[in-house]
1. One-quarter of the Cα convex hull surface for region B:29-70, in nm²?
2. Can you compute 3J(HN,Hα) from phi for each residue in region B:230-244, using the Karplus curve 6.51 cos²θ - 1.76 cosθ + 1.60 with θ = phi - 60°, rounded to whole Hz and x for Gly and Pro?
3. State, as an integer percentage, the relative contact order of chain B based on alpha-carbon contacts under 8 Å between residues 6 or more apart.
4. What stretch of chain B, leaving out the sites themselves, is the longest with no GluC sites (Glu not before Pro) in a DSSP loop having at most 10 other Cβ atoms within 10 Å?
5. Over the whole of B:290-297, what's the average partner chain Cβ count within 10 Å per residue? Rounded to a whole number, please.
6. Per DSSP helix of 4 or more residues, -39500 (n - 2.57); summed, then divided by the residues of chain B. What does that give at 222 nm, rounded to the nearest 500?
7. Peptide B:173-180: average number of partner chain Cβ atoms within 10 Å per residue?
8. Where the eigenvalues come from the Cα gyration tensor of region B:2-308, what are the semi-axes √(5λ) of the equivalent ellipsoid, largest first, in whole Å?
Amino acid sequence: MNALIEVLIYPISSFILISAFYLQAQEFVRSMVIGQMIQSALLGFLSFVIGFAESDYDFFILGVLIVVLRAFLVTYMLERRVPREKIHLHEKKVDVAFTFLVNLILVVTAVFLIYFLIFRSIHLVPDIGSSTIFIFPLTLFFQGLFLIASRKTTFAQIIGYVEEENALVLFAMFLLPIPLIIEASVFLDVLALVVVSSIVVIEKFAHEKMEDLVG
Amino acid sequence: MLGETLSQYLFVVFLSPLFTGIFSKFKSRIESKKGPSIFQPYYDIFKLFRKETLIPEGSGILFRYVPYAAFGVYSLISLIVPVLIPVPVFFTASADFLGGAILFSLAAFLKMSAAMNSGSNFSAMGTSRIISFNFLAEGALITVFFGVSLITATNNPYTTHSFLSTNLLQNFSLVHIFSTLAFFMLFLYETGKIPLQSEGLPELGMIDSGLNFEYSGKLLAINRWTSHMKQYLLGSIFLNVFFVPWGLFSTYPLFLLDFPVMFLKWMLLIFIVIVIETTLAKLRLFKVLDYLATAFTFSVLFLIFSEVIV
């Protein structure tokens, strides 16, 4: 079982990480929405894998919730908000090279500092073995934050928020027992991601600089 | 060892244009064209050797002699990396993996200096473009080599090759997959393949052609030849150190089997590159940086993984 976990968990976690880089580099809103769907689906799949390894039904329930709420419902709500005639809706001036470099600096600095200072003594799901696995949720979390900070479109910011939530769930999934944070995040999914975000997206598509000057 | 050394060197020097020819032929056939002969790069080189060499007025000494120096640098690289024989040969001890990367950079720097020395505006334009892209490419290359050295705790490409060919599972580790991906992206960039196509004379894509713009006759022939060698060297490093490190022999007479083995490996690489070239569109010039940033990202992630996860 250990070998299966080792073989599956690391690649899935790194694909989640790569999907975060994909989101960061993406200009088109629809591609971002699809990107977050893939990220959430991978997260759900990872939950099933851990559940299978631990024979713990909680992880299966969590996996189903992630797939239903994030991979389908959030994607559906966001996709509905992309106007049909503007399928090529995109954010201007996404400088991929610059974004990646800044992102990498953040990732490397933050991960190494936090990992070496704080996460040495956390108790993990036994089959995972090493606390180095925390590099994935931490990196994802900072990427989510950076996505929100670096974009002006509300879509992108909501997707950044989903990414942060994904990071929290990923973080919590590696801990035993599943902490309260997961239940809170599922509640947040329904309330914030689905209800609030769909309203915010209609109300305000992008945050322009000029708005800051208006009283 | 002399036999192995000579085999490796002569193989790189004399057969590297052949792989370019095979690549062009196959690509043309896939595009439903007849295509040039697989020996066309040789015909071109022979033709250029017979042509008159024109030296532009106002060009300097670098312009005249750098093609020979670059040829020499690539000759040295062909002896220090496992491009045919999987054990060290003469001159291998002169540099390690990082030394090889620095020699690649040295050859590129020499060629850029020579192009600037020609006094042509077009060459200067090509050079400035290369320099503006290369800062990320070199960073990624060095990071990949750092990471490879972390896997095997040595900076010797032969040790890496031997380690990977004997430890099968290591080839499927996440760390190795990331490094292979990053190096392959760099291979496409350095050899100017689509989506980065740097050949051709359209102004916006004129990068490699810009460097050779003022060259003619014998000097151009040598420059073309060094390009073939560079492609072969990078491709063989990719094949032997990263992608398929198996199948090479080191003892006499078994090492003679390395010739067909390398040939088959190159057919595999050519097939992969052709699939990419015929399915992807060329990137716009200012998107090249994004591509290289992605390669750099992969290489840095690989570096983190190799240090933290393994």
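Each reported figure results from applying straightforward, stated rules to the coordinates on display, with no laboratory input. Computed from a prediction, not measured in an experiment: that's the story for all the values here. Reconstructed Cβ throughout: ideal geometry from the backbone, glycine too, with neighbour counts over all protein chains shown.
1. On the way: hull surface 20.0 nm².
Its average projected convex-hull area is 5.0 nm².
2. 4, 4, 5, 4, 5, x, 6, 4, 4, 5, 7, 9, 10, 8, 10
3. On the way: 432 pairs, mean separation 85.7, N = 310.
Contact order relative to length: 28 percent.
4. Numbers: sites that count: B:E52, B:E57.
My reading of the result: B:58-310 is the longest stretch.
5. On the way: counts 8, 2, 3, 11, 7, 1, 4, 12.
Mean partner shielding for this stretch: 6.
6. Details: 11 runs with 208 residues, N = 310.
Value at 222 nm, helices only: -23000 deg cm²/dmol.
7. Working: counts 3, 6, 2, 0, 2, 2, 0, 0.
Mean inter-chain Cβ contacts per residue within 10 Å come to 2.
8. Working: eigenvalues 176, 103, 79 Å².
Three semi-axes, in Å: 30, 23, 20.
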